[in-house]
2 protein chains.
Amino acid sequence: MAAKASDTQRTKFVLDEKDIPSKWYNIQADLKTPAPPVLHPGTGQPIGPQDLAPLFPMELIKQEVSRERWIAIPDGIRDVLRLWRPSPLYRARRLERALGTPARIYYKYEGVSPAGSHKPNTAVAQVYYNKQEKVTRISTETGAGQWGSALAMACSFFGLQCKVYMVKVSYQQKPYRRIMMETWGAQVVASPSPDTQAGKKVLQQDPNSPGSLGIAISEAVEDAATREDTKYSLGSVLNHVLMHQTVIGLEAKKQLEKADDEADIVIGCAGGGSNFAGLSFPFAADKLTGKQKKLRIIAVEPSACPSLTKGKYVYDFGDAVGLTPLVKMHTLGHAFVPAPLHAGGLRYHGMAPLVCKLYDEGVIEAVAVSQVSTFQTAVQFARTEGIIPAPESAHAIRVVIDEALRCKRDGKRQAILFNLSGHGHFDLGAYEAFLAGKLQDYEYPAEKIAEALRGVPKVKA
Amino acid sequence: MAAKASDTQRTKFVLDEKDIPSKWYNIQADLKTPAPPVLHPGTGQPIGPQDLAPLFPMELIKQEVSRERWIAIPDGIRDVLRLWRPSPLYRARRLERALGTPARIYYKYEGVSPAGSHKPNTAVAQVYYNKQEKVTRISTETGAGQWGSALAMACSFFGLQCKVYMVKVSYQQKPYRRIMMETWGAQVVASPSPDTQAGKKVLQQDPNSPGSLGIAISEAVEDAATREDTKYSLGSVLNHVLMHQTVIGLEAKKQLEKADDEADIVIGCAGGGSNFAGLSFPFAADKLTGKQKKLRIIAVEPSACPSLTKGKYVYDFGDAVGLTPLVKMHTLGHAFVPAPLHAGGLRYHGMAPLVCKLYDEGVIEAVAVSQVSTFQTAVQFARTEGIIPAPESAHAIRVVIDEALRCKRDGKRQAILFNLSGHGHFDLGAYEAFLAGKLQDYEYPAEKIAEALRGVPKVKA
């Protein structure tokens, strides 16, 4: 494909705010076969809009199942996105020189959002539709805090109340993330909390419970389900969330045109899948429609939580407790508890169903990388390009560098594009551990995964 | 002046990397009378280039005393600046709406640099000239950590070693700033340290000394003066530092043209003076040369450290210990120890001589604001515009809002431009104190200042 390497000395490809996409790209329109339906956990039957209505506004439920290729982005959403969008596309010339590679490396930088990651792209959209449907309060859970921050900020823009159930161990270890949410006006409680029945039950059994994402989801869902004024919001995995993120890839395509270049390889880290999908789906469209056949798209996951590369493609619960509907996805089993990785955003037992579908069909590749080698590349990136990457994003950089070094060995002049989904300003504790040689790799716990997979419910696909 | 309000709905005025200024603006060319000379602390006579040669590369010494209006920015510096420059200019439409003001509020956002503030603009230039003159190692001090971070990053770009003496109390309270510097490869020690004679002396007298900027300066200067391979670097106050920051104002002027608007009021916070000067000097040029007579330029300082509004315009030492040359500036006395403000970057007893000269000549105004009211506006800004400002920058926002509300009362449609010099990601502890109602104001300590001023050396101006 792209042989027309643009070798001017430009490093940054900026767009005007009028270039913020006016439509989201919905990859469901281009799938050869529809994505498997979501099933009711009790009946095992496909769920309908009314099953989701207590939790989500109807417009988002419609988007979740829509097969329209393009969905218009309301002006009220674009008006907020322009506070940081379009995000810049960089050519990593300094990193290329340090590697001595003939490859051209580009990165889309989503850390320019005030919350520091790509998450506000969907938070703003979700809060907007909730406001349209007269919802005045939103509940959610957060682990490392990226998603909670994004939703808190979006709620402050639209004047909605925001309640965040933050996993207790994060609440204690990451006070800055909590304060950030409070600065934007959100109410943040450590989960398990005494504010819900689910939380109370856990606290009765173990007053010192450190909490988990599973427990926090249960609390946030209960909060929304039991209050008239409140709906629930999720920061990844769901179809509409991934679609809201496609502004990333749509902008990147325009920016590559400005660079007079085309991507040969597109790379993103994948936890729930939203930043990966945001960058890659608009490129995957060209593969699905036959326009681009040789393009490689690579999802990068941590070797300590390898849902795509080591999980099974089966129906499983989205949460750890087993309360959510059943979705078909690559999963390590909903009871799988990943090692205490510093890339908290990648510690999820499953993967977005749409990402899984593409992986199952061979449209995308997946690779798992270890924590220590990931931080090695993170530091190399910081010392050449300046930006200190979020540990999640650094997983993508690990594979970018591997591919760039392959290009060097083979004398290939390929163009590699990746998503630098956020900065690491709130993750410097992990950098400290790495620099002190205290960071560890987690071996792939084969028996642990096998055991967790035995807990996956039996469902006919 | 500017009556031609542009009222399209644009919020962001971006420039291409080719629009990074190719020359710095040197305000010394336009002063009616030259700035008072810097004096040798021993002889009381003006110092010459050779006095400074052990500490600074000759090119920076030349810039320090140059009266050329424009000084070319070498390509090797612009090549690094483009990693984040040009920085965006924003129209704060959401803040304007929240205030209900007819004023147009613009802000230049310097927090887009990887170190999170304007400081890298001069750090990159200083390291570049050191490298040109074969220096392989640079020493500096840092208090809150903004400057140390910027220099550490710049040294990593050019392959120089960097040693940072970090005030011990900051070293202990702000580990993330330290880790950031280490991620970029710098060596960071708590000051007082056993690495210098100055540090040893303090430690002998008080092993538990919390350190001070004065002690840290002494250590960094001794380090540079006693090693052949090492020079010293300063992040504010000096003429060449302020000049390197004028890229901010030069870009802002181009961006206001794109907005089809002109500033009526230009506002910046001022500690040592570098971000204030960086934005305002290119505008002050128009006042000095008679092109713009009605423009107001306002420096904002904390009421707990009011060097311009309450200090004396006399010769004083730049450091707390009394080792540096004597400079004529507005000072609270070099022995003045400011209250423990959260805006660490504004806790300096003096002010850049060039800023003082303009203040003395009535070209600029100054105003002091209190800490609590500053954080009120910081939170209001975060909840409308998204970005969480550094506490230093929030001082400017306090006055911006006061001026915007004055415009509302008086029905004036003025354009207000300010410098959002950095983000507050590493200052969230201060936000927590504010949100908990625990932040306090510091009364102007009249006797303390009077006492410190008695320690100012007697010099004939």
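The values are calculated or read from the model by the stated rules, or taken from the named source; none is laboratory data. A quick note: this is a predicted structure, and the numbers were derived from the prediction, not measured. Note that we place each Cβ from the backbone using ideal geometry, even for glycine, and neighbour counts take in every protein chain shown. Heavy atoms of the whole protein, side chains included, go into the accessibility calculation; ligands, DNA and RNA do not. Shrake-Rupley method; radii C 1.70, N 1.55, O 1.52, S 1.80 Å.
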Seminar exercise, completed: One decimal, nm, nearest first: from B:E68 to the same residue in each other copy, label points 7 Å out along Cα→Cβ, the values are 6.0
Seminar exercise, completed: In the protein assembly as shown the accessible area split gives carbon plus sulfur, as whole percent at 1.4 Å, a share of 51
Seminar exercise, completed: Taking Cα atoms only, helix A:391-410 is inclined relative to the longest principal axis of chain A by an angle, in degrees rounded to 10, of 30
Seminar exercise, completed: Buried by partner chains in the range A:166-202 (accessible area down by at least 20 Å² vs chain alone, 1.4 Å probe, heavy atoms, protein only) are A:Y176, A:R178, A:I179, A:M180, A:E182, A:T183, A:W184
Problem set entry | Interface burial for A against B (accessible surface, 1.4 Å probe, total of both chains, Å², rounded to 100) | 4100
Seminar exercise, completed: Calculated from DSSP helices alone, with each H run of at least 4 adding -39500 (n - 2.57) and the total divided by the residues of chain B, [θ]222 nm to the nearest 500 comes to -12000 deg cm²/dmol
Exercise. For chain B, rounded, prolate or oblate, judged on the Cα gyration tensor with a ≥ b ≥ c (square roots of eigenvalues), a/c < 1.5 rounded, else prolate if a/b > b/c?
Worked result: rounded
For this session: Kindly express, to the nearest 10 degrees and within the range 0 to 90, the angle between helix A:274-288's C-alpha long axis and the longest C-alpha principal axis of chain A.
Result: 60
For this session: Using Cβ-Cβ distances only, list the Cys residues of chain A with no partner cysteine under 4.7 Å, sorted by number.
Result: A:C269, A:C305, A:C356, A:C407
Exercise. Which chymotrypsin sites (Phe, Trp or Tyr not before Pro) does the range A:400-461 hold that lie in a coil by DSSP with at most 10 other beta carbons within 10 Å?
Worked result: none
Problem set entry | 5 angstrom amide H check on B:I298, placed H, neighbours 5+ away | B:V266, B:I267, B:G268, B:E365
Problem set entry | Only Lys, Arg (+1) and Asp, Glu (-1) charged, at Cβ; the range A:253-330 dipole about Cα centre in debye | 260
Problem set entry | Normalised per residue, the volume of the convex hull around the Cα set of the range B:292-405 (Å³) | 112
Problem set entry | Projected label distance in nm at B:Q205 and B:A433, using a 7 Å step from Cα toward the beta-carbon | 2.6
Problem set entry | Calculated FRET efficiency for the pair A:V169/A:A53, C-beta based, R₀ 41 Å, to 0.05 | 0.80
Problem set entry | Student exercise, the protein assembly as shown dipole from Lys, Arg, Asp, Glu Cβ charges, in Debye to nearest 20 | 1300
For this session: Compare the Cα positions of B:I388, B:Y348, B:L428 along the charge dipole of chain B (+1 at Cβ of Lys, Arg; -1 at Cβ of Asp, Glu; about the Cα centre) and return the one farthest towards the positive end.
Result: B:I388
Problem set entry | Alpha-carbon Rg with Dmax, taken over the protein assembly as shown, Å | 27.8, 93
For this session: Let me have the relative contact order for the range B:164-206, percent, based on Cα pairs under 8 Å that are six or more residues apart.
Result: 39
For this session: Could you work out how far the C-alpha centroid of the range A:222-246 sits from that of the range B:245-323, in angstrom?
Result: 46
Seminar exercise, completed: Quick shape check on the range B:149-236: root eigenvalues a ≥ b ≥ c of the Cα gyration tensor, a/c under 1.5 is rounded, otherwise prolate if a/b tops b/c, else oblate, and it reads oblate
For this session: Report, in whole Å, the centroid distance computed from the Cα atoms of the range A:430-461 and the range A:30-48.
Result: 28
Problem set entry | ³J(HN,Hα), Karplus 6.51/-1.76/1.60, whole Hz, each residue of the range B:358-372, x for Gly, Pro | 5, 5, 4, 8, x, 6, 10, 9, 9, 8, 10, 10, 8, 5, 5
Seminar exercise, completed: Counting as exposed only GluC sites (Glu not before Pro) in DSSP loop states with no more than 15 other Cβ atoms inside 10 Å, the longest exposed-site-free span of chain B is B:229-360
For this session: List the distances, in nm to one decimal, from the label point of B:K438 to the label points of the same position in every other copy, shortest first, placing each label point 7 Å from Cα along the Cα-to-Cβ direction.
Result: 2.5
Seminar exercise, completed: Whole-Hz Karplus couplings 3J(HN,Hα) for the range A:113-128, θ = phi - 60° and coefficients 6.51, -1.76, 1.60, Gly and Pro as x, run 5, x, 7, x, 8, 6, 4, x, 4, 8, 4, 5, 4, 5, 5, 4
Problem set entry | Under-5 Å amide H pairs with A:V369, H placed in peptide plane, nonlocal only | A:E301, A:S303
Problem set entry | Anisotropy class of the range B:312-357 from Cα gyration tensor, a/c 1.5 cut | oblate
Problem set entry | Given charges at Cβ of Lys, Arg, Asp, Glu: the protein assembly as shown dipole, positive-most of A:S117, B:I138, B:A335 | A:S117
Seminar exercise, completed: Rounded to the nearest Å, the spacing of the alpha-carbon centers of the range B:338-406 and the range B:88-141 is 15
Exercise. How long is the gain from B:K291 to B:D260 if the chain were fully straight, where each residue apart is worth 0.36 nm and the alpha carbon distance is subtracted?
Worked result: 9.4 nm
Problem set entry | Label geometry 7 Å along the beta-carbon vector: B:Q197 inter-copy distances in nm | 7.6
Seminar exercise, completed: Output ordering of A:124-130, A:97-103 (per-residue mean of other Cβ within 10 Å, highest first) is A:124-130, A:97-103
